[in-house]
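The values are calculated or read from the model by the stated rules, or taken from the named source; none is laboratory data. Computed from a predicted model, the values in this text were never measured in an experiment. In this analysis, Cβ positions are derived from the backbone assuming ideal geometry, glycine residues included, and neighbour counts consider all displayed protein chains. SASA here: full protein model, heavy atoms, side chains in, ligands and nucleic acids out. Shrake-Rupley method; radii C 1.70, N 1.55, O 1.52, S 1.80 Å.
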Protein chains: 2
Amino acid sequence: MARTPAPGSRETILTAAAGLFYEHGVRAVGMAQVVEAAGCGKNLLYRHFPSKAELAAAYLALVRRERERSADEALRWATGPRDRLIALVGEIADLVRRPGYRGCAFRNYLTEFRGDDDTPARAAKAYLEDTRAEVDRLVGELGGDELLADRIWLIVNGLYAGPPSQADVAVDWVKELVSPER
Amino acid sequence: MARTPAPGSRETILTAAAGLFYEHGVRAVGMAQVVEAAGCGKNLLYRHFPSKAELAAAYLALVRRERERSADEALRWATGPRDRLIALVGEIADLVRRPGYRGCAFRNYLTEFRGDDDTPARAAKAYLEDTRAEVDRLVGELGGDELLADRIWLIVNGLYAGPPSQADVAVDWVKELVSPER
DNA sequence: ATAGACTCGGACCGATCGGTCCGTTAAGCC
DNA sequence: GGCTTAACGGACCGATCGGTCCGAGTCTAT
């Protein structure tokens, strides 16, 4: 079974905060709620995370780790840029289909704090840019032009926003786009 | 020249609130800021809008009126479902390209208040459903299948989310999708 | 001039925000 | 058992939240 992290540990607090932040939004969740969900004292929370902004940044970093782990696993068995692109979009589709899906954590944060340029906002932007760059790289390996990369990125953004019922449409479309024309 | 609305009027207050809500987000803007921007007293604000939720609902209703006016104008000269679909997406592209674009007001609200089911949230959902239904209707008139409607909706969602530089890509793609195959 | 209606600005309310601090309690460790 | 360490829970802080209320001032109509 999975190792149970010690109560009051940094990991426990961060997990509790991440769940609340993702479900309700960072702005909507107060530090008191985080403390209550984590089952620890405010004291300990502020020892691990000196401010709400740093807790939010750690939340986004945690989500990024999870996303990258999931993406790495999805891309493990994909060989070549074509399969890797399909796997990349398919992995996002799996995320969107998951019950309790509430949108992309990074896009959500940038919507909640639009205009801000604090640490978590920069982390969110960095993730989006890196993902976009990954799409560009794979399309380049595949020999595709910038238009193809733009179109796939358009689908990815639409996939993140849209209802889960659109996930299959997005994946199938990308498969079609990256398949050699008959 | 444009008629200047009376200071302290409902229209003046709503316009000021709408600008702040759209730029910074509804949660991030306090009623005191609205009052300050509107140049009126709190008294008058709460006479016209009995609560912040009602002000937010009026803000979304205002945006909806503007969006529908702009869409009607864009669709005025389009004849037939093909041109109307292209015009519909092109009008959204114009919005996205506008300086100061901060995303779709309705999607932003639903992100900020995810999980809530108050009056403004229902208004936002209704707008999105109506727009999606409009796409379905036009695709149906054109003789397209559900897949085409899903794909166009995917592009629309991606267009709203993506950087303005993607606007042309989205419009050109929709043109290609609805054009009769050679 | 005077009365009335209306507005602004701000004081004010209870609640909650992020964040600090401390008394109590409990868990090690010798 | 006694000592140390540390976490919990909550009181507490100033600021801000949405929302109410009132005094002072303005304008108009008579």
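Here are the numbers for the structure shown:
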{"quantity": "Check on A:Phe49, touching a Phe, Trp or Tyr at 6+ places or on another chain (Cβ under 6 Å) and over 26 Å from A:Trp173 (Cα atoms)", "calculated": "no"}
{"quantity": "Given (1) touching a Leu at 6+ places or on another chain (Cβ under 9 Å); (2) more than 10 Å from chain B (Cβ to nearest Cβ), number of the condition A:Ser179 does not satisfy", "calculated": "(1)"}
{"quantity": "Filtered residue count, region A:142-162, keeping only those that are more than 9 Å from chain B (Cβ to nearest Cβ) and of a type outside the set (Asp, Glu)", "calculated": "6"}
{"quantity": "Residue in region A:64-86 that is surrounded by fewer than 16 Cβ atoms within 10 Å (Cβ to Cβ) and within 16 Å of DNA strand C (Cβ to nearest atom) present", "calculated": "no"}
{"quantity": "B:Leu95 being of a type outside the set (Gly, Ala, Ser), open to solvent by 30 Å² or more (accessible area, probe 1.4 Å) and within 22 Å of A:Glu112 (Cβ to Cβ)", "calculated": "no"}
{"quantity": "Residue among B:Gly115, B:Gly144 that is open to solvent by 20 Å² or more (accessible area, probe 1.4 Å), in contact with an Asp or Glu (Cβ under 9 Å, 6 or more places away or on another chain) and of a type in the set (Gly, Ala, Ser)", "calculated": "B:Gly115"}
{"quantity": "Count of residues meeting criterion [open to solvent by 40 Å² or more (accessible area, probe 1.4 Å), within 12 Å of DNA strand D (Cβ to nearest atom) and closer than 23 Å to B:Phe106 by Cα] in region B:33-50", "calculated": "3"}
{"quantity": "Of the criteria (1) touching a Pro at 6+ places or on another chain (Cβ under 6 Å); (2) within 14 Å of chain B (Cβ to nearest Cβ), which one A:Arg114 fails", "calculated": "(1)"}
{"quantity": "Some residue of region B:51-59 being under 18 Å from B:Tyr101 (Cα atoms) and touching a helix residue (DSSP H, G or I) at 6+ places or on another chain (Cβ under 7 Å)", "calculated": "yes"}
{"quantity": "Hits in region B:134-155 (condition: within 15 Å of A:Trp173 (Cβ to Cβ) and out of contact with any Leu (no Cβ under 8 Å at 6 or more places or on another chain))", "calculated": "B:Gly144, B:Asp145, B:Glu146, B:Leu147, B:Ala149, B:Asp150, B:Trp153"}
{"quantity": "Subset of region A:124-141 (residues that are more than 11 Å from chain B (Cβ to nearest Cβ), more than 18 Å from B:Gly25 (Cα to Cα) and open to solvent by less than 40 Å² (accessible area, probe 1.4 Å))", "calculated": "A:Ala126, A:Tyr127, A:Thr131, A:Val135, A:Leu138, A:Val139"}
{"quantity": "The listed residue being within 14 Å of chain A (Cβ to nearest Cβ) and either more than 9 Å from DNA strand D (Cβ to nearest atom) or within 14 Å of B:Ala105 (Cβ to Cβ) (or both), out of B:Val63, B:Val26", "calculated": "B:Val26"}
{"quantity": "Pair list, Cβ under 6 Å, 6 or more apart: region B:45-59 residue away from chain A (no Cβ under 14 Å), other residue within 15 Å of DNA strand C (Cβ to nearest atom) and open to solvent by 60 Å² or more (accessible area, probe 1.4 Å)", "calculated": "B:His48/B:Arg10"}
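Residues checked against (1) at pLDDT 95 or above; (2) more than 30 Å from B:Lys52 (Cα to Cα); (3) touching a Gly at 6+ places or on another chain (Cβ under 8 Å):
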site	(1), (2), (3)
B:Arg98	yes, no, no
B:Phe106	yes, no, no
B:Asp116	no, no, no
B:Ala121	yes, no, no
B:Ala126	yes, no, no
B:Arg151	yes, yes, no
B:Glu181	no, yes, no
